[in-house]
Each structure stands twice: as structure tokens, then as C-alpha cells.
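*Asks:* What follows is a structure written as C-alpha cells; I'll ask about it next.
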Amino acid sequence: MVERFRSDNEPGYEPTDETPEEQEEAPSTLVLPILPLRGTVVFPMTLVPLAAGQPRSLRLIDDVVSGDRMVGLVLQKDPEQEGAGPGETYEIGTIASIHQMMRVPDGTVRLAVQGQRRMRIVEWLQEEPYLTARVEEIPEEVEESVEIKALVRNAQELFQRLVGLVSNLPEELVTAALNIDDPLHLVYLIASNLRMEAEERQALLELDSVRAKLQRLNAFMSKELDLLELGKKIQSQVQEEVGKTQREYYLREQLKAIQRELGETSEQEAEINELRAKIEQAGMPEEAEREARRELDRLSKLPPAAAEYGVIRTYLDWLTSLPWNKSTEQEIDIAKARQILDEDHYDLEKVKERILEYLAVRRLRKERAVSDEEESREPILCFVGPPGVGKTSLAQSIARALGREFTRMSLGGVRDEAEIRGHRRTYIGAMPGRIIQAIRRAGTNDPVFVLDEIDKLGADWRGDPSSALLEVLDPEQNSTFRDHYLDVPFDLSKVMFIATANMLDTIPPALRDRMEILQLSGYTDEEKLNIARHYLVPKQLKRHALSPEEVTIDDSALMEIIQHYTREAGVRNLEREIASVARKIATRLAEGQAVQRTIQAEHIRELLGKRRFHYEELSERTAVPGVAIGVGVTPVGGDIMFIEASRMPGRGNVIITGQLGEVMRESSQAALSLVRARATEFGIDPDFFKESDVHLHVPAGAVPKDGPSAGVAITTALVSLLTGIPVRNEVAMTGEITLRGQVLPVGGIKEKALAAARAGVKVFIMPKRNEADLDDLPPSLRERLEFVLVDTIDEVLSVAMPEEFKGRVAAARQQGASERELREVAAASQQGTDVAT
């Protein structure tokens, strides 16, 4: 018995009127702090680790450790309850001493407690700051008999067999159990190491008789042995029935059987349940959900080792991960959208207006609750223009202005139709097409989807991707787009498709008909200057860790780069040259050299080297007769071309070189026929073709050329050659020629005018029927070039040829008129003679 009442000031002391003799006859009681335990029973004569984290428990442990280290441990009835109090724990527990205490970083405490004796709570004394009670010790009824010895031996034997069947029990426990003579100690040792429920342990602790404890313990171990031996028997039977090739399969079946016995779900069942939950949450259309559930039923009946298991699992993953009903459309703010588009791109007013019109209509439809699905389909736009004018970046700005996700798919070089529609699941390694893949990456069903380089699609024996795109880009069909892999309809009508291309000629007509074409022409020098000043220079300075306070690039320097170091429709090369300037400045700063704060035009040559393009080339190339300046449209924008004609002795042959297409060759033949037919009017010897050969050549022979728009330039070059008078060097021209000398309209006026302006041309001759195209030109370009509208070749020559040619033509026509008068007089005289006769 522990004497703890040593002073009146000791916690838990209460005065009593009983005499010492009466106290000795009464049951031994003492006052102890009580620590409720969750799911754990501490037996006497056992060392048990515990963990405590509640503030009340931590306060109790601190006081006990600083005192005599004695504490009462009881099992609380509800293991989930926080802060159990009187009436919520069992009355019988264990008096224990705290041997060790360790604090861990998460604020909890780890204890090692040694059970001493059984106890019963007699009276609860306090609940705060922790539980305290008056307890009495419960003596154990220990007896020595043959029955007790038999029960002890039986317990030792059963425990030895259990340790042999349970892998997590060490063999040292058997040795310890065999060396214990005290039956009570043996009971508590075995019970503390068996997997018993807390209530079973509590019932064992509450038994007073050692005989009853041994009988209950032996019954429990016999039951456990029966279960373990039955499991071992099942395992042996399974191993006998299966062969080596099916061993893994039956082990999994055995695992499932054991899990079912324990009330647990198998890994496969958990996976099936997870997929079922995903299908319910995905928000699929009825047909897709029906197909997903059908495949899930098939999956649940297949073993995980089956080859088709992984195929179905991947298919269901794709179905459940698609954004069937997830969209990101935000409140439409027209002013904010305009601001975003203006921040990211200079000019491009037509495209910006088209996007703002779309947003305005969509906002009105929302406000007025118009829900006609046919009228609310997304527009399918196609940006056509030379490289570097901002087609792809404009699509990114549109996504930002709309508040949608952005995704893109490059179609350049795609030749397989399955890239668009996907492969059927019958193929090994099959996957959905790139359309569905991009939609899943975007995570929404209404992204801005860019189909880059749609004009560079290929076709071969594997299929025609452009034909597969017909369904994707058709608003009447794409609401039920079926990927070969998914084989269920997916709604693409909410996706805003934007295609980009450099040329329209290579896009199939059926595909082109499904898109709204928006032309993005090249930039003028002034537009490039604005773009460089507001976008490119700040971007490159930031990229090269330069601040505007350290260095600025003057407009004169930018114009020097634009005119003499780049010649392009877009601004990609301009950005590269600005980046080159920034790199050289950064290098000098890193080396500690002095750098000009303002970069002027005279500094550019020092930074970028000698000029690469020169405008004085026009006068040099057109200084001799037989050279005219034509203008054409190329995949990179517009460009000037020099039409050269040469005459040599021969027999009337025509030589055409320069890798010209069939249409351009026919234009050359038409121009030559026109000149021969009207040679006298142009002051040309009508018999020039009898003893001469004519050679027509368009330089840059490695570049293919075609089209009828060079007809007037070829005619002008032939007239210049045969009259010996050079064409004016500041004149460029375009237009199709007929055998009657009429000038017909052509396309690409803006690109051609931009190319002429970049090359230093001052006068631009164009068909009068193209007058409406002048409205598309920026004001700065209209001021820079003099546009001459013509209907006939005579008007062309009157502008393109110098005054000397005009005088010769006038003289030739006057001479021709005189000859016609003489012929008419002669004809009249001959007619009078015939009448007189």
C-alpha cells in the first residue's frame, strides 16, 4: 500500500475523523490523477508506450512527472470522444508509474508507463484542470492448484503456436512466456501482445480470479488459432490447385477473399468505385454516360491481369477527364476587351472590330435571354497574312479579352487523318486525336482553339487531314463531333476556332468555305516604327536586363533598321535586329565600357554592320531599256520583281526563264502578241520579229512565280526594249493584260503597294477596277505613293515611259494617220477609175 497522505498541503488530501486502527481495517484508498485512454488497456506488470496531445492530459502529465509519477489509467467507453469525464470511462483500471517522457515537435508527448496494480474508482473528486478521483486497490485472487498449472501450460502452448503463425510476433516472446512462473504475470504478458479488442482486454482486466483470467485467455487464443489455421489451410489448398503460370492470379483472389472476410474492399473494387464516382460527377451527355457505364461493367468483370483491362481503364480515364460541362466564360466587358486588344497589337482594326462585334452580340443575347442555339454558334475565323504580322499572338489576345483558356494545335506537316480524329481502340496504343487532347489540356469546353498553319496540311495514303477538319470547322456538325477513339459525340460548338495561314491558295475550297477569312496585310514603315517603339523595344530591353534609364533607341535608329537591315511584311526580323542591338549594349555594359544612352541612326552600323538592303538598286536595274518593275504576292507578303527583256539576232523565237508558272508564261505570250500587233503605234519596226529572238527573264530563278498580274510589266519591258527607251525607275506596276490592251483587276493590292513602298517606289500603277482596294491602305501609305489608275496599256505607257517615248508615239501616230489618208485617197481614186471604166 502506497502512503501518499503526508501533509495537509499535498493535492488530494482530505482530513478524516477515523482512528488509525479504523483506517487499517478499511479498504486502502488513495487519491490519484486519472488519465482516460482511447482503445488501450494497460495491464499490471506490463510496460506500454502511450501518446498524449490534449491540453488537459499534458497538464496532468506535467504535474505527475514533477511529483511521484503515479497515475490512474482507465479505458474510456467511446474512443471517439474528446475529453472524457466521470461516467464516461470504465471504473476499473490500472495504477501505473511513468518511467519516461519525451516531447515531440508537434506538441504531443510520448510516454512509457509501467502498470502496477488494479484499481477501482470510488469517487470522482475534480474535473479541472484534469480528472482526479479517490481509488481503491483491487487485490488479485491467486491460488495454487493442479488446475492452475494445467491452464498455465495450455496457455503457454497455445501462445507458442500463435507466435508461429503470426509473423509480427517475435520468437523471444515465447521464451519469455515459458520462463514465467507467476500465472498472473503470464496472463498479462500474453494479453498485452495479442490482437484483442479493447473491450475484450477490459473484460480480462476486470476478472478477479487468476483461474477465470486463464480460462478466458485460453478460449480467446483457441478461437484465434482456429481462424489462423483455417486461413493457412485455405492457402495450402489454393497453392495446390494453381500452377506456376496462374500463381499471381490466385494470390490476388486469395487477397480478395481475406479482405472480404475482414470487411475491406479490394484494390480493384476501390478503383471501380472511384471510376463510378467520376462518371457521376463528369456531367456527360446521356449517350456518353451510357457508354461509360457499359464499359465500367465490363471492367468490373475482368481480372486486372487481363490484356483488355488496361485498355478499358485508359478509355474511362479519357471519358471522365474531359470537360463535358465546364466553361470559363466571364462577364463580357466590351471596353476592357478593346483595351486588351489595343495593348497587345497595333492597328489590325478590322480584326479587332470583328471580335468586338462578336462580344457585343453575345452580351446582348445574354442580357435579352435569347437562347436560339443555331444563332449562338461560335465564329470560325481564319487569319491570313504573311509571317510575323501577329496572327497567333492576336489569337492569344482574343482569348485574354474573352477570359477563356487558350490552346493551339500546329497543323504544319500533318499528313495523317488520325491526328485529327484519333485511332480506333482496336489498335495497340490508340489515343484520341489532337483536337480532343487539346480540349482536355485546356480543361474547359469553350477555349480559344488556334489551328496554326492550316495552309500547310499534307495528304498521303494515310488520309487527308483537311477533309477530317471539315466536320470540326462546320457549325452544323461540330456539336456532335465523334473522335474515333472515344466513339461518343463531343460538343465543339462552344469552342472558338481560329485558323492561321500564309496563303489561301493551298487551302481546299470546301475547308475555306467554312471559315470567315480575315486578311492581315504587311506593315508600312511607319506602322513598324510604332510597333517597335511601343512593343518590341520595351520587350527586348526587359529581356536583356536593360532599363529605359540606361539606354533608349531613337526613332531614327529604328527607321534605319527597318529600311536597311530588314525587308519583310511582318516584324520578326525587326525584333531580331533590335534584340541584336540590345545584346551588344548589354555586353558592353557587362565589360564596363561606356555606352551611348540614346542610340541614333549613326550608331546602328557600328552595332549591326553594313547595310543589307539598298533602295538605289532601282535606278541601277532600270537604267537600260527592257527592264520594268513588277510587284507580286509571296508567302511572306509582297515583293517587287524586275521583268527583264533582251533582244538578239534569231528567227523569231521567244525564250522565257525564271521558273515561271503556266499562267505567267501565257501572260508573256499575250504581252508579246499585243506589242507585235501594235508595233507601229508604239514607234516600233513591225518586222522586228523576223530576224530577232526575244528573251524574257524574271530574276530570282530559284523562287517559283505564277499569276497574271505581271502582264502590264512584261508589256512595258518589251516596249522599252524595242524602242530603246528605259522605263522610269520610280514606277512599279501591276495588272493583267489582254490582247486588246485592256488592264484587268488583280488581287493583293495592299501587299503589293507595301512592297513597292518598302523598295522606294514613288509611283504605283494599278487597274482602275481595283480602286476600291485603296480604302484598305493606311493613310501614310496613300501619302507616300502616287497611285495611278489605268484601264488600257496606253495609259500605263504614258506614265511609265519618259517624255521621249511619248514624242515618238505621237510622231508614229501622226505618220500612221498620214499613211492612212494616202491609202484612203489611193483607194478612192482606184474606185473612181473602176466606175469610169
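The values are calculated or read from the model by the stated rules, or taken from the named source; none is laboratory data. All values derive from a computational prediction rather than experimental measurement. Here Cβ is always computed from backbone atoms with ideal geometry, including for glycine, and neighbour counts include all displayed protein chains. Accessible surface is based on the protein model in full, side chains and every heavy atom, while ligands, DNA and RNA are left aside. Shrake-Rupley method; radii C 1.70, N 1.55, O 1.52, S 1.80 Å.
*Asks:* What's the total number of residues in segment 327-347 that are outside any helix (DSSP H, G or I), open to solvent by 70 Å² or more (accessible area, probe 1.4 Å) and over 30 Å from G283 (Cβ atoms)?
*Replies:* 1
*Asks:* Next up: Please determine, by comparing only the residues of segment 455-481 that are without any contact (Cβ under 8 Å) to a residue 12 or more places away in the chain and closer than 23 Å to G412 by Cα, which one is surrounded by the most Cβ atoms within 10 Å (Cβ to Cβ).
*Replies:* The residue in question is E471.
*Asks:* Considering only segment 435-447, I want to know if a residue exists there that is touching a helix residue (DSSP H, G or I) at 6+ places or on another chain (Cβ under 8 Å) and farther than 28 Å from G310 by Cβ.
*Replies:* Looking through segment 435-447, at least one residue is touching a helix residue (DSSP H, G or I) at 6+ places or on another chain (Cβ under 8 Å) and farther than 28 Å from G310 by Cβ.
*Asks:* Looking at (1) farther than 18 Å from M45 by Cα; (2) open to solvent by less than 30 Å² (accessible area, probe 1.4 Å); (3) outside any helix (DSSP H, G or I), find the lone condition where R134 falls short.
*Replies:* (2)
*Asks:* Next question, about the same structure. Counting only residues that are of a type in the set (D, E, K, R) and assigned to a helix (DSSP H, G or I), which one in segment 187-202 is most open to solvent (accessible area, probe 1.4 Å)?
*Replies:* Ranking the candidates gives E199 first.
*Asks:* A further question on this structure: Looking only at segment 506-521, decide whether some residue is open to solvent by less than 10 Å² (accessible area, probe 1.4 Å) and in a strand (DSSP E or B).
*Replies:* no
*Asks:* State which residue pairs qualify: first residue under 18 Å from P49 (Cβ atoms) and inside segment 85-114, second residue open to solvent by 10 Å² or more (accessible area, probe 1.4 Å) and among the hydroxyl-bearing types (S, T, Y) in any location, beta carbons under 6 Å apart, and separation of 6 or more residues or different chains.
*Replies:* Pairs found: Q114/S97.
*Asks:* For segment 710-757, which positions are open to solvent by 20 Å² or more (accessible area, probe 1.4 Å) and under 15 Å from F642 (Cα atoms)?
*Replies:* Across segment 710-757, the qualifying residues are L721, P726, R728, N729, E730.
*Asks:* Taking segment 440-454 as the search range and keeping residues that are within 16 Å of L504 (Cβ to Cβ) and in contact (Cβ under 8 Å) with a residue 60 or more places away in the chain, which one is nearest to the chain's Cα centre (by Cα)?
*Replies:* Here the residue is D452.
*Asks:* Count, please, the residues in segment 76-98 that happen to be within 17 Å of M45 (Cα to Cα) and open to solvent by less than 10 Å² (accessible area, probe 1.4 Å).
*Replies:* Result for segment 76-98: 5.
*Asks:* Report, by residue number, each residue of segment 137-159 that is polar (S, T, N, Q) and not in a helix (DSSP H, G or I).
*Replies:* Correct list: S145 only.
Quick grid of which residues meet (1) more than 20 Å from T392 (Cα to Cα); (2) assigned to a loop (DSSP other than H, G, I, E, B); (3) in contact with a Gly (Cβ under 6 Å, 6 or more places away or on another chain):
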site: Y523; (1), (2), (3): no, yes, no
site: Y535; (1), (2), (3): no, no, no
site: S556; (1), (2), (3): yes, no, no
site: M559; (1), (2), (3): yes, no, no
site: Q563; (1), (2), (3): yes, no, no
site: T566; (1), (2), (3): yes, yes, no
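*Asks:* Tell me yes or no: at least one residue of segment 203-211 is open to solvent by 30 Å² or more (accessible area, probe 1.4 Å) and either in contact with a Gly (Cβ under 9 Å, 6 or more places away or on another chain) or among the β-branched types (V, I, T) (or both).
*Replies:* Looking for residues that are open to solvent by 30 Å² or more (accessible area, probe 1.4 Å) and either in contact with a Gly (Cβ under 9 Å, 6 or more places away or on another chain) or among the β-branched types (V, I, T) (or both), one finds none in segment 203-211, hence no.
*Asks:* Quick check on E274: is it acidic (D, E), modelled with pLDDT under 75 and open to solvent by 50 Å² or more (accessible area, probe 1.4 Å)?
*Replies:* Against the criterion (acidic (D, E), modelled with pLDDT under 75 and open to solvent by 50 Å² or more (accessible area, probe 1.4 Å)), E274 does not qualify.
*Asks:* Taking the condition in contact (Cβ under 8 Å) with a residue 60 or more places away in the chain, surrounded by 21 or more Cβ atoms within 10 Å (Cβ to Cβ), closer than 24 Å to Y346 by Cα and hydroxyl-bearing (S, T, Y), does Y535 pass?
*Replies:* No: the conditions fail for Y535.
*Asks:* Take segment 681-716 and flag every residue that is under 45 Å from the mean Cα position of the chain (by Cα) and charged (D, E, K, R).
*Replies:* K705, D706 - these are the residues of segment 681-716 that are under 45 Å from the mean Cα position of the chain (by Cα) and charged (D, E, K, R).
*Asks:* Mind listing just one residue for me: the one in segment 759-786 that is touching a Ser or Thr at 6+ places or on another chain (Cβ under 8 Å) and assigned to a helix (DSSP H, G or I) and, of those, surrounded by the most Cβ atoms within 10 Å (Cβ to Cβ)?
*Replies:* My answer is L781.
*Asks:* Sticking with this structure for a sec: Residues of segment 538-551 being among the polar types (S, T, N, Q) and either surrounded by 15 or more Cβ atoms within 10 Å (Cβ to Cβ) or under 30 Å from G413 (Cβ atoms) (or both), which ones?
*Replies:* Q540
*Asks:* Being modelled with pLDDT under 90 and closer than 30 Å to A756 by Cβ: is that true of E577 here?
*Replies:* No, not satisfied.
*Asks:* Quick one: which of I121, I148 is surrounded by 17 or more Cβ atoms within 10 Å (Cβ to Cβ) and within 23 Å of K213 (Cα to Cα)?
*Replies:* None of the others qualify; the one that does is I121.
*Asks:* If you don't mind, there's one more thing I want to ask. Of the conditions (1) touching a Phe, Trp or Tyr at 6+ places or on another chain (Cβ under 7 Å); (2) crowded, with 22+ Cβ neighbours inside 10 Å, H423 clears all except one; give me its number.
*Replies:* (2)
*Asks:* Of the conditions (1) under 26 Å from D513 (Cβ atoms); (2) touching a Leu at 6+ places or on another chain (Cβ under 9 Å); (3) assigned to a helix (DSSP H, G or I); (4) open to solvent by 40 Å² or more (accessible area, probe 1.4 Å), I355 satisfies every one except a single condition; which number is it?
*Replies:* It fails just one condition, (4).
Yes or no, residue by residue, for (1) within 30 Å of T552 (Cβ to Cβ); (2) open to solvent by less than 50 Å² (accessible area, probe 1.4 Å):
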{"site": "I599", "(1), (2)": "yes, yes"}
{"site": "G626", "(1), (2)": "no, yes"}
{"site": "R647", "(1), (2)": "no, no"}
{"site": "G652", "(1), (2)": "no, yes"}
{"site": "I656", "(1), (2)": "no, yes"}
{"site": "D687", "(1), (2)": "no, no"}
{"site": "K690", "(1), (2)": "no, no"}
{"site": "V703", "(1), (2)": "no, no"}
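*Asks:* Another question, then. Is it the case, given these coordinates, that R56 is open to solvent by 20 Å² or more (accessible area, probe 1.4 Å), basic (K, R) and closer than 18 Å to A133 by Cβ?
*Replies:* Yes, satisfied.
*Asks:* Another question, if that's okay. Of all the helices (runs of 4 or more DSSP H) wholly in segment 584-702, which have at least 2 residues that are closer than 23 Å to E804 by Cα?
*Replies:* 617-621, 662-677
*Asks:* From the list L169, L184, L162, L205, exactly one residue is under 60 Å from the mean Cα position of the chain (by Cα) and in a helix (DSSP H, G or I). Which is it?
*Replies:* The conditions single out L162.
*Asks:* Which of the residues spanning segment 692-701 are open to solvent by 30 Å² or more (accessible area, probe 1.4 Å) and closer than 18 Å to P625 by Cβ?
*Replies:* Listed by number, the residues that qualify are H695, H697, P699.
*Asks:* Something else: State whether the residues of segment 675-687 include one that is among the acidic types (D, E), out of contact with any Lys or Arg (no Cβ under 9 Å at 6 or more places or on another chain) and at pLDDT below 90.
*Replies:* The answer is yes, given that some residue of segment 675-687 is among the acidic types (D, E), out of contact with any Lys or Arg (no Cβ under 9 Å at 6 or more places or on another chain) and at pLDDT below 90.
*Asks:* Next up: Might you check whether a residue that is buried (at least 18 other Cβ atoms within 10 Å of the Cβ), closer than 26 Å to L319 by Cα, in contact with a helix residue (DSSP H, G or I) (Cβ under 9 Å, 6 or more places away or on another chain) and of a type in the set (V, I, T) occurs anywhere in segment 400-407?
*Replies:* The answer is yes; a qualifying residue exists.
*Asks:* For R298, all conditions in the list (1) in contact with a Leu (Cβ under 8 Å, 6 or more places away or on another chain); (2) under 30 Å from Q281 (Cα atoms); (3) at pLDDT 85 or above hold save one; what is the number of the exception?
*Replies:* Here R298 meets the rest and fails (1).
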